[in-house]
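These notes are about the structure you will find just below.
The values are calculated or read from the model by the stated rules, or taken from the named source; none is laboratory data. On a predicted model such as this, the values are computed, not experimentally measured, just so you know. Using ideal geometry, Cβ is built from the backbone for each residue, glycine included, and neighbour counts are taken over all protein chains shown. To get the accessible areas, we keep the full protein, side chains included, count just its heavy atoms, and leave off ligands, DNA and RNA. Shrake-Rupley method; radii C 1.70, N 1.55, O 1.52, S 1.80 Å.
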Amino acid sequence: MSNGTRTAPRCAALVGPYLSGKTTLLESLLMATGQLARKGSVQDGTSAGDASAEALTRHMSTEVSVHTCDHLGDTWHILDCPGSIELAGETARALMVADVAVVVCEPVPEKATMLAPLLRFLDEHAIPHLLFVNKVDQLGSGDVRVADLMTALEGVSQRPLVLRQVPIRQGRAVTGYVDLVSERAYRYCAGAKSETVPMPDAVLSRERAARQDLLEALADFDDALLEQLLDDVSPPPADVYRQLSRDVAEDLIVPVFLGSAQNDHGVRRLLKALRHEAPRVGVTARRLGLEATGVLVQPFRIHHAPHSGRLAYCRVWQGEVADGQALGPDRVGGVFALGGGAPAKITSAGAGAVVALAKLEHAQPGALLSARGEAGTPLSWPAAAEPVHTLAVRAEQRADEVKLTGALAKLLDEDPDLRLVLEDGEMALSGQGAVHLGIALDRLRSRFGLAVSSRPPAVPYRESIRRTVAEHARFKRQSGGHGQFADVHLTVAPLDRGEGFRFEDKVVGGAIPRSFIPAVEDGAREALASGPLGFPVVDVSVTLTGGQFHSVDSSEQAFRTAGRMAVQAALTKAEPVLLEPVLLVTATAPAEFTAKVQRLLSGRRGQILGFDVRPGWSEWDQVSACVPQADMGDFIVDLRSLTLGLGSYTARFDHLAELVGRLADRVVEGRQAGYAAQ
Ligand SMILES: Nc1nc2c(ncn2[C@@H]2O[C@H](COP(=O)(O)OP(=O)(O)OP(=O)(O)O)[C@@H](O)[C@H]2O)c(=O)[nH]1
Ligand SMILES: [Mg+2]
């Protein structure tokens, strides 16, 4: 893949909401460029994009797949990205290395909101992008006007959208289009190039109006064009194309194309636009501020392959990467071409290429690598997402526990949006939702051959007391030789919420020697580890008020036992009360869903604290509420299903609240049953 006389490869990412048709479009692009002889489909499990086991079972893309094709002398790397909002991090990292993004969407105005987070990301990072309105074959059945669709899409884009084609319809069905720059009319032909046809009279007035809109949008960024328009001069197509390429490359405007990936309609037109309007690698590197000398490489994804080991999927920004090349602290141990089946070993890769590099053990997504070392991660690189869903996981076979830890370490290395926390002896895997975690669990099974089970994580209940109780305990044992003796008097009292544990020594007159007092405190802590209800005890004070000792038989061990006995006995008499963790939850969603989000939170015993405009987002709200942690399981699933998948939330521990009545009884019974089963 050395440069030779060819131009540097370019990279386009296919992005857009779940099920909009990105993988189908990839298939069509690979067909149109002669890369594929036969077109596969997502439903049959024969598509090039969704080849992994996880994707096949779900009929959806579960990771970024890299493909390579040639079009009119240009090499293209196409990154087919997953649309699921739960995999948005994976998509965002791929977008960071692309020259251009093709945003695939459905021709349904009500679904335009689904594009909001993605368009926002593209606009924030000034990533050149164009829109491909897919499934125009369905426009007829829905009887949707393109003008209404454009209005809806404009509502979610910061950049002006410019329609590049108007549809030609027969009845309601879309049968072709008029290109607004060349003003030529085309009729779609299944599986082949569209053919030119005379401009139908019926579209003429729509064509004129849409072309005027396009020229006016371009004239906003070009004075010469503005003058021509004011003088009523029709600019030559070459000038319009030039202006379009410039405006797209600078992310000033977003052209909108129409088509149907399933029927290969509009796909060659899209390829042509990519060829003329997508920036080249040097321009992209400059946009990203990556000016350097020598070789410069940026990984965007890590993959642990069964045979090649740890592979870093990288974009080569500059220079030539070959086997043995020093990159960061490592040396390249294999350059692999991606696209079409398993990675294939090649000798080198030049600027623009997307390749997998082996043996870069330290390479992390985003971190720039050069021959001189690691040049850090650009500030604009997307941060890992805060987890919104957690499952407790464990190996079904005890013997697999070590293997599970190793496999999870690899999955965490591949996916920065996965987190693993060890809590109360439980392995808790967190991520972006049930689909995200389900894919991780599938990988444990299919790639690592591990039988794993998962369940909702345990809620970290605590308990405290309501009354002050004075208690006395004597520990005495005589078993031949040395005996054991300790006697303590202590008082256990409730503290305010959040105060934790306090131990006070009020022993006077040497009733207990100083050296034994820490042992009493240790015993008290042991008793507090699991209180009468079965949970750790918090917000109590233990005051040691007196006791007795024996000069021969007393020991630290004896005083620890006596301390524990006294506190245990006191706690049962001190009106133990269950405490449940309450989280401060901030849920975000488009404003049209705010009332639903509030109802969802209050339905989960949430106390709504208020709602406000989401800072920096127009037409989005954020609702804050205090919600018991026990009621937050699957919250993200319900939130997404109420909000077209767009809702999300952050949560942090806020306070412990007393839980009484039937709910509390059930928790305590569950705990006792758990102990009995152990
Ligand atoms: N009618 C019609 N259906 C289409 C078209 N393109 C794709 N589809 C269907 O839409 C569904 C989703 O297609 P995919 O290509 O898997 O969509 P995707 O955007 O890759 O989905 P994710 O990867 O899961 O985000 C499939 O059932 C396709 O057959 C089209 O042009 N017209
Ligand atoms: Mg897909």
The residue from GLN138, GLN43 that alone is within 16 Å of ligand 1 (Cβ to nearest atom), among the polar types (S, T, N, Q) and over 30 Å from ALA342 (Cβ atoms) is GLN138
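Residue under question is THR75, and the condition is that it be more than 12 Å from ligand 2 (Cβ to nearest atom), part of a strand (DSSP E or B), touching a His at 6+ places or on another chain (Cβ under 7 Å) and under 28 Å from VAL335 (Cα atoms); does it hold? Step through it out loud before you land on a result.
Values: more than 12 Å from ligand 2 (Cβ to nearest atom): yes; part of a strand (DSSP E or B): yes; touching a His at 6+ places or on another chain (Cβ under 7 Å): no; under 28 Å from VAL335 (Cα atoms): yes.
For THR75, the condition - more than 12 Å from ligand 2 (Cβ to nearest atom), part of a strand (DSSP E or B), touching a His at 6+ places or on another chain (Cβ under 7 Å) and under 28 Å from VAL335 (Cα atoms) - is not met.
From ARG599, ARG666, ARG662, grab the single residue that is closer than 28 Å to VAL435 by Cα and among the charged types (D, E, K, R).
Unique residue meeting the criteria: ARG599.
Tell me the residue from ALA273, ALA322, ALA358, ALA344 that is touching a residue at least 60 places away in the same chain (Cβ under 8 Å) and not charged (D, E, K, R), please.
Working: ALA322 fails: touching a residue at least 60 places away in the same chain (Cβ under 8 Å); ALA358 fails: touching a residue at least 60 places away in the same chain (Cβ under 8 Å); ALA344 fails: touching a residue at least 60 places away in the same chain (Cβ under 8 Å).
After applying the criteria, what remains is ALA273.
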For the stretch 4-27, pairs from a residue that is over 19 Å from CYS314 (Cα atoms) and modelled with pLDDT of 95 or more to a residue that is near ligand 2 (Cβ under 10 Å from one of its atoms) and acidic (Asp, Glu), with Cβ under 6 Å and 6 or more apart or across chains, are LYS22/ASP80; THR23/ASP50; THR23/ASP80; LEU26/ASP80
For the stretch 63-72 the number of residues that are within 16 Å of ligand 2 (Cβ to nearest atom) and over 12 Å from LEU25 (Cβ atoms) is 4
Being more than 30 Å from THR643 (Cβ to Cβ), within 14 Å of ligand 1 (Cβ to nearest atom) and modelled with pLDDT of 95 or more is the requirement here; does LEU87 meet it? no
Test for CYS105: is it in contact (Cβ under 8 Å) with a residue 24 or more places away in the chain, within 16 Å of ligand 2 (Cβ to nearest atom) and within 17 Å of the chain's Cα centre (by Cα):
no
Exercise. Confirm whether THR91 is under 21 Å from the mean Cα position of the chain (by Cα) and open to solvent by less than 20 Å² (accessible area, probe 1.4 Å).
Key: yes
Practice item. Evaluate the stretch 517-539: report whether one residue or more is among the hydroxyl-bearing types (Ser, Thr, Tyr) and touching a residue at least 24 places away in the same chain (Cβ under 8 Å). Key: no
Of those in the stretch 14-61 that are surrounded by fewer than 19 Cβ atoms within 10 Å (Cβ to Cβ) and in a helix (DSSP H, G or I), the residue nearest to ligand 2 (Cβ to nearest atom) is ARG58
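Could you go through the stretch 86-100 and let me know if any residue there is outside any helix (DSSP H, G or I), touching a residue at least 40 places away in the same chain (Cβ under 8 Å) and touching a Phe, Trp or Tyr at 6+ places or on another chain (Cβ under 8 Å).
Going through the stretch 86-100, the residues outside any helix (DSSP H, G or I) turn out to be 96-100.
Checking which are touching a residue at least 40 places away in the same chain (Cβ under 8 Å) leaves us with 96-100.
Retained after the next criterion (residues that are touching a Phe, Trp or Tyr at 6+ places or on another chain (Cβ under 8 Å)): 96-97.
Yes - at least one qualifying residue is present in the stretch 86-100.
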Taking the stretch 652-666 and keeping only residues that are touching a helix residue (DSSP H, G or I) at 6+ places or on another chain (Cβ under 9 Å) and surrounded by fewer than 19 Cβ atoms within 10 Å (Cβ to Cβ), one is left with PHE653, GLU658, LEU663
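Tell me, please, whether a residue that is in a loop (DSSP other than H, G, I, E, B), within 30 Å of HIS655 (Cα to Cα) and open to solvent by 40 Å² or more (accessible area, probe 1.4 Å) can be found in the stretch 499-517.
As a first pass, look at the stretch 499-517 and keep what is in a loop (DSSP other than H, G, I, E, B): 499-500, 506-513.
Add one more test, that the residue is within 30 Å of HIS655 (Cα to Cα), and what stays is 499-500.
Subset that is open to solvent by 40 Å² or more (accessible area, probe 1.4 Å): 499.
Scanning the stretch 499-517, I find at least one residue that is in a loop (DSSP other than H, G, I, E, B), within 30 Å of HIS655 (Cα to Cα) and open to solvent by 40 Å² or more (accessible area, probe 1.4 Å), so the answer is yes.
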Checklist entry - Does ALA147 satisfy the condition of being free of Cβ contacts under 8 Å to residues at least 60 places away in the same chain, small (Gly, Ala, Ser) and closer than 15 Å to PRO107 by Cα? => result yes
*Report yes if some residue within the stretch 451-461 is among the aliphatic types (A, V, I, L, M) and in contact with a Pro (Cβ under 9 Å, 6 or more places away or on another chain); otherwise report no.*
yes
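So, VAL162, is that one touching a His at 6+ places or on another chain (Cβ under 7 Å) and at pLDDT 95 or above or not?
Values: touching a His at 6+ places or on another chain (Cβ under 7 Å): no; at pLDDT 95 or above: yes.
No: the conditions fail for VAL162.
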